[in-house]
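The values are calculated or read from the model by the stated rules, or taken from the named source; none is laboratory data. Given the structure is predicted, the values throughout are model-derived calculations rather than measurements. Glycine also receives a Cβ, built like all others from the backbone with ideal geometry; neighbour counts cover every protein chain displayed. Just the protein is used for accessible areas: all its heavy atoms, side chains included, with ligands, DNA and RNA removed. Shrake-Rupley method; radii C 1.70, N 1.55, O 1.52, S 1.80 Å.
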Amino acid sequence: PGAYVGIADLPNQVYRRVVKQGFTLNMLILGRTGLGKRTFVNSLFGVNVCDVSEQTDTSKTLTVEKETFQIETQGVRVLVNILTVPGFGDQIDNSAAEEVVSRYIDAQFQDYFEASHQRKSQSRRVDNRVFCCLYFLPPTGHQLTPLDILMMNSLGLRTNLIPVVARADSFTVDEREAFRELVRSQLSQNDIQIYVFPPDEDDGDANSRDSDFMRSLAPFAVVGSNTVTTRKDGSQVRVRKYPWGTVDIESPECSDLAVLRRLLLFNHLPDLVSVTDGLHYANYVRQVVSKVGP
Ligand code: GDP
């Protein structure tokens with residue numbers, strides 16, 4: 001336990017089933033309007049699912065909205081459900097936000113719990129449980145806000161929480177690293193439970209050093225873009241153009257986007273599901289059972 005299993009490393013039988021049925025990734029993306037969440041989704045998956053020209057109506061009641069699309073990774077179909085809460089954190093009083101989100105996550109656990117008591121075979125059960133939450137932090141360089149702390153505290157107890165520093169191009173390299181350090185210390189001071197990408201199985205080889213390095217980047221500092229250009233070799237890349245130059249968002253010096261993509265979509269997708277099942281869902285079931293009594 002704890003060692004990572006990429007899709008290609010799954011036991012043969014499981015791999016064959018996954019290839020046939022595909023994987024589902026239910027990912028919650030939270031953070032204030034304007035932090036680049038929709039741009040990030042488009043950049044991470046190389047798609048244009050999220051319409052960035054549309055203005056978010058920040059006055060309406062907070063609800064969880066779902067956007068669905070399909071991608072392929074390592075020959076496996078992945079059905080991606082992106083869950084967002086438009087207007088999150090934008091009200092004067094944000095006290096409802098925590099309840100809306102935690103209720104949603106719990107409701108998906110409850111549905112799964114009820115389905116597991118009906119005699120549906122596991123393969124035919126729809127699994128809408130939230131497998132991870134990317135929580136977007138503004139690149140302020142300052143302490144986290146009370147809302148961010150409250151939200152992440154609650155999220156960490158319910159799902160695989162992955163804090164992300166948004167719009168990281170607004171930092172110099174030193175500022176970025178100092179902010180990473182500040183966020184890390186505030187997460188630990190506030191007992192916020194984050195998802196730790198597990199180490200590789202064989203300690204000491206190049207792969208696990210690589211994986212150690214990737215884990216040391218948390219919280220991931222990302223840059224996203226909706227502008228696609230063609231490189232000299234003909235390949236397509238997303239860039240951000242500034243008066244002084246162009247940033248390739250796939251370049252590891254500028255953005256942790258590529259690392260995060262590798263961790264999320266290639267190396268640790270099955271782990272996110274298994275931690276959801278074995279830890280977060282199990283906690284939920286334990287609470288339900290203890291409320292009902294023996
Ligand atoms: P959302 O409201 O969080 O979904 O944010 P959007 O994806 O709609 O982006 C809001 C604005 O921020 C747009 O003008 C984007 O072009 C811009 N943006 C997105 N990502 C980045 C980034 O990494 N850096 C910078 N500087 N701007 C970004």
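Here are the numbers for this structure:
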| item | result |
| --- | --- |
| 240, 129, reordered so the largest accessible area comes first (probe 1.4 Å) | 240, 129 |
| Rounded accessible area of residue 54 (nearest 10 Å², 1.4 Å probe) | 110 |
| Pairs of lysine residues in the chain - Cα separation under 28 Å, sequence separation of 8 or more or cross-chain | 8 |
| Stretchable slack from residue 290 to residue 190, in nm (0.36 nm times residue separation minus alpha-carbon distance) | 33.3 nm |
| Surface accessible to a 1.4 Å probe, per residue, for the residues of the chain, Å² | 52 |
| Segment residue 116-residue 153, extension gain: residue separation times 0.36 nm, minus the distance between their alpha carbons | 10.5 nm |
| Unit charges at the beta carbon, dipole of the chain: most positive-side option, 22, 46, 197 | 22 |
| Point-charge dipole on Cβ atoms (K/R +1, D/E -1) for segment 148-200, about Cα centre, debye to 20 | 220 |
| Net lengthening on full extension, residue 66/residue 251 (0.36 nm per residue, minus Cα-Cα) | 63.6 nm |
